[in-house]
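Heads up, the thing below is written out as structure tokens.
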Amino acid sequence: MNDVAVIGAGMTVFQRRLKETGKELSYLATKMALEEAGITKKDIDMVVMGSAPDAFDGIHQKGENLLDGAAGAGKPYVRVFNGGGTGVFAPIAGWWHVASGVADIALVVCEEKMGNCYPHPQTAFRHIWDPILDRPLAPNLVWLFAMEMNRYMTKYNIKKEDIARVAVKNKRNAVGHPCAQLPDEKITIEDVLNSEMMAWPVQRLDISPPSDGASALILCSKDKVRQFTDDPVWVDGVGWNIDSTMWTNRDLCFPRYVANAARMAYKMAGIHNPRKDIDFAEPYDPFDYKELHHMEGLLLCNKGEAPILTREGVTERDGDMPMCPSGGLMGVGNPIAATMGQKVCELYWQLAGKAGKRQIPGDPLVGVGQAWGDIMQMATVAVLRRG
Amino acid sequence: MTFLEKQTDPTTPMHWNGDMQADYFYSNGVAGDKFFKHLMKKDTFLASMCPECGVVFIPPRLYCEDCFCGIPDENWVEVKAQGVIRTNTTAMMDAHNEPLEEPVVMALIEIDETDGAMLGRIKTDMLGMDLTGMMVKAKLRPKKEREGTMKDILYFEPY
């Protein structure tokens, strides 16, 4: 298996509704990544597109529609998707293109244009449920995650303010991110606790916003990487795991599929003690409680311990183990697949010392990014390392 | 570059108004048919037990996803239409992000005598609070009105 490095990344602004089409967004993110890497379309061997439900953009089989904006025309090109897991799964697919030796340079582009879906992109989520057992009850995803959040809070006796703390941290972290949709340096826990109740216990500011956007990443084989940099950032381990759609049979207080994916990635990366060996993380945070849930799933702390570490400041950007230094989905925005920008591109920018105002102090060496999707069942994990 | 323009109205950019309309008939499946035909006649649920690991599935399934073996007819069991709430929410907004006329209490209910749980609406005036551990039973439509869908379970209520 060939070693795989990252040599460039790009990301558009994330906003609720953008004028650009999906392929235009893809072009802008791709162009930025190509320029950072110092290469052109002709240097790209293969392209991976990551984009989640067709129903957001409103184009069936949208991968084919997006490809020309993703430098895919006339090249080996494939779209991968597994809901919210796509943002880390697409770079995993790019990794195996290079690790297998079939490509020296692979481009990964992730796109989502949720604003096309009217009146609200939640509308599209009404159709992901089991049509016989769940849909007749007319649930939506916010209701579902509210039940998971309550289960997590009840099991470990977690106070709502300790969950709201994550929203505050990430929206503050997003200040200074040039792509951020919802940065807020003045937000307080009280703001979150006083925001509109959507589905108890989930309130408006517990949720990341729907968004339009794109991101891109360029992966390179060990054989060629020295042409581009003397200090590469490596994709050291990848893992993915999915549980059954029969989510009603799971306990909902611990995401075992995340732990399975993490163990796979850590084994590949030679990480034996994640808490000690990993310097920072980008756990998937479409809701504030999910950052805590996923810290535990990523084996970065014990079950029920994540809110305590957060309260103690351990997960702040200048803490012992920063979580979502990008600002995450809560602060930067949540164009589903395009959150590769926070979950993998950010690892690269941090490890390469290119994160600007978001740069973690202390010269981090190892970061882990994770995404989560489908009906509380999919986990995708990537470990990146400098040097 | 439009990136710094904040748009909240999707009709602001020039656009074409389209849809992806398609309608469906979803078959209940073999296990689903059996479950719902039973529910049309009885006030209990059917579950199915894996012959290898002993896990009791509700709603019943034709196979065990872990042992990956079939579940024979003799392993289908009748269980009471009742259980205990594992977790719940009180929904205030619908899928279009609009306020609901009436809040909806939805719960995950661990069905007695099984290893599974079912999604259900709860009839209660205890809104916006944790109902974990509450014992509830299904309120079913009158038998002559049952259609063989989840709609035959009107709601669950405390007992």
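Some notes on this structure:
- Listed by chain and number, the aspartates and glutamates placed with their C-alpha closer than 13 angstrom to that of A:LYS357 are A:ASP318, A:GLU346; residues fewer than eight positions away on the same chain are left out.
- Just checking the listed ones, A:ARG135, A:ARG17, A:ARG204: in the Gaussian network model of chain A with Cα springs under 10 Å, the one fluctuating most is A:ARG135.
- Whether the stretch A:89-203 is rounded, prolate or oblate, judged on the alpha carbon gyration tensor where a/c under 1.5 counts as rounded: oblate
- Computed over the Cα atoms of chain B, the ratio of the radius of gyration to the Kirkwood radius (Rg/Rh) comes to 1.12.
- The B and A chains share an interface that buries close to 4500 Å² of accessible area, total over both sides, probe 1.4 Å.
- Share of Cα-Cα pairs in the protein assembly as shown lying beyond 40 Å, as whole percent: 24 percent
- Counts of other chain beta carbons within 10 angstrom of each beta carbon in peptide A:16-29 average 3.
- Simple spin-label estimate for B:GLU52 and A:ASN194 in nanometres, 7 Å along Cα-Cβ: 5.8 nm
- For the protein assembly as shown, the fraction of 1.4 Å probe accessible surface lying on carbon and sulfur atoms is 51 percent.
- Contour excess over end-to-end distance, with Cα ends at B:CYS69 and B:TRP16 and 0.36 nm allotted per residue: 14.0 nm
- Per residue, in Å², the accessible surface of chain A once ligands and nucleic acids are set aside, probe 1.4 Å: 33 Å²
- Pairs from A:LYS155/A:LYS354; A:LYS42/A:LYS222; A:LYS303/B:LYS137 whose Cα-Cα separation, in the structure shown, is over 29 Å: A:LYS155/A:LYS354; A:LYS303/B:LYS137
- Chain A - share of DSSP beta bridges that are antiparallel (%, nearest 5): 75 percent
- Taking label points 7 Å from Cα along the Cα-to-Cβ direction, B:TYR24 and A:TRP96 give a separation of 2.6 nm.
- Shielding of peptide B:18-31 by partners, expressed as the average count of other chain Cβ atoms within 10 Å per residue Cβ, is 2.
- Nearest-10 value in Å² for the accessible area of A:PHE228, using the 1.4 Å probe: 70 Å²
- Rg/Rh, computed from the Cα trace of the stretch A:59-141 with Rh as the Kirkwood radius, has the value 1.07.
- Proximal aspartates and glutamates relative to B:LYS143, as straight alpha-carbon distance under 16 Å, when same-chain residues fewer than 8 apart are discounted: B:ASP43, B:ASP152
- Ranked order, A:TYR348, A:TYR156, B:TYR63 - accessible area, probe 1.4 Å, largest first: B:TYR63, A:TYR156, A:TYR348
- Annotation: for a label point projected 7 angstrom from Cα along Cα→Cβ of A:ILE308, residues of the stretch A:150-168 with backbone N closer than 20 Å are A:151-166.
- Simple spin-label estimate for A:ARG135 and A:MET1 in nanometres, 7 Å along Cα-Cβ: 3.8 nm
- To the nearest ten degrees, helix B:30-41 and the longest principal axis of the Cα atoms of chain B are 80 degrees apart.
- Exposure of A:ARG275 as accessible area (Å², to 10), given a probe of 1.4 Å and all protein chains: 80 Å²
The values are calculated or read from the model by the stated rules, or taken from the named source; none is laboratory data. None of the values given here were measured: they were computed from a predicted structure. A quick note on method: Cβ atoms are made from the backbone with ideal geometry, for glycine too, and the neighbour counts reach across all protein chains shown. Side chains are part of the model used for accessible areas, which takes the heavy atoms of the whole protein and leaves out ligands, DNA and RNA. Shrake-Rupley method; radii C 1.70, N 1.55, O 1.52, S 1.80 Å.
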